[in-house]
Amino acid sequence: MADRVRWGILGAAKIAREFLAPAIHMSARGDVAAVASRSAGKADPFVAVYPGLRLFDDYDAMLADPEIDAIYVPLPNSQHVEWTRRCLEAGKHVLCEKPISLRADEIDGLIAARDKAGRHAAEAFMVTHHPQWHRVRDLLASGAIGELRHVQGAFSFFNADAGNIRNQPDLGGGALRDIGVYPSVTTRFATGQEPVAATAKIDWDLGIDATATATVEFPGFTMDFYVSMRMAPRQQMVFHGDKGFISLSTPFNTRVYGEAEIELRAADGVSTVERFPAADHYRAQIDAFNATVLDGADYICPLEFSRGNQRMIDMIYDAARD
């Protein structure tokens, strides 16, 4: 039995270069074995960092290589379903960037392809592997803030570049798909609940949802959040109960936006702060993925979990259009 996972990267995207390839390289049982890029020279920066790396100028050629075990897919959003399916059909395990699909029902086909291939497939929700979110989940379950009543969230950055894929509707751009998935997935992960209704407002620009605000009903609590690609960078999540609240100052882009930090404020006003300066959620994600591939370990956010998240995003889009 193999003791390491040999990874291929499908496309030389910035997120692969700056975050996922280093995470694979630093993981306990993974190796960056190959990069496929259709753009001449775009994969060159990888070669300087990972000795022995093999380069492909054809995606299918890398998928056909028997010395590649798993594929990371950071292609434009509109291509995620197709290439996740093709990786599975080629017998590869696959980790696809979020959003893995543009509609929830598309994930049903990926689940079927995963089961048929007998391979592991997952959406790259690195936040679910960060210890701060496991701590929040435990605090909520223990009743540390009493009964949860309301969740607030915000995630924003400024990007009005019409040439950027996030601003191109034909490539699946938009704020909800790019960053709205994070307030959604973390709330669902921390509470174990699924939304039942939503209202929303979207400000459209360049054909995509540049800013979106949503109010979402869950069993027993409500949630409101906004996401924007036309505002200065900000992120925060707050879980408010009848006996206290939990606030996360850097819930999503830890070590980029700031240090991961949880504040727990009890009903008596006493505040406790926990910090996670060393945690790398990208590496934790790869370590967990490798453990599933090599050991058959349970994975905390399988495709069924992803389908629930896309249902929430679909619900918000549909509510805004009504």
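The values are calculated or read from the model by the stated rules, or taken from the named source; none is laboratory data. These figures come from a predicted structure and were not determined experimentally. Neighbour counts run over all protein chains shown; Cβ positions are idealised from the backbone, glycine included.
Structure values in brief
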quantity	calculated
Search result, residues across segment 169-217 that are touching a residue at least 60 places away in the same chain (Cβ under 8 Å), within 23 Å of Glu123 (Cβ to Cβ) and surrounded by fewer than 19 Cβ atoms within 10 Å (Cβ to Cβ)	Asp170, Leu171, Glu194
Subset tally (residues that are out of contact with any Ser or Thr (no Cβ under 8 Å at 6 or more places or on another chain), polar (S, T, N, Q) and within 29 Å of Ala210 (Cβ to Cβ)) for segment 124-169	5
Tally, over segment 31-43, of residues that are touching a residue at least 12 places away in the same chain (Cβ under 8 Å) and exposed (fewer than 13 other Cβ atoms within 10 Å of the Cβ)	3
Qualifying residues in segment 109-132 (those that are part of a loop (DSSP other than H, G, I, E, B) and farther than 22 Å from Arg255 by Cβ) - the one farthest from the chain's Cα centre (by Cα)	Gly118
Which listed residue, of Arg166, Arg177, Arg149, Arg135, is closer than 20 Å to Pro251 by Cα, touching a helix residue (DSSP H, G or I) at 6+ places or on another chain (Cβ under 8 Å) and either modelled with pLDDT of 95 or more or not in a loop (DSSP other than H, G, I, E, B) (or both)	Arg177
Selection status of Ala124, of a type in the set (A, V, I, L, M), surrounded by fewer than 21 Cβ atoms within 10 Å (Cβ to Cβ) and modelled with pLDDT of 95 or more	no
Yes/no for Arg283 being modelled with pLDDT under 95, of a type in the set (Lys, Arg) and closer than 19 Å to Ala23 by Cα	no
Boolean, Val49 is of a type in the set (A, V, I, L, M, F, W, C) and either closer than 22 Å to Phe289 by Cα or at pLDDT 95 or above (or both)	no
Inter-residue pairs, beta-carbon under 8 Å, first assigned by TED's automatic domain parsing to the domain that holds Ala12 and in segment 44-61, second part of a helix (DSSP H, G or I) and loosely packed, with under 14 Cβ neighbours inside 10 Å, 6+ apart	Leu53/Val47; Leu55/Val47
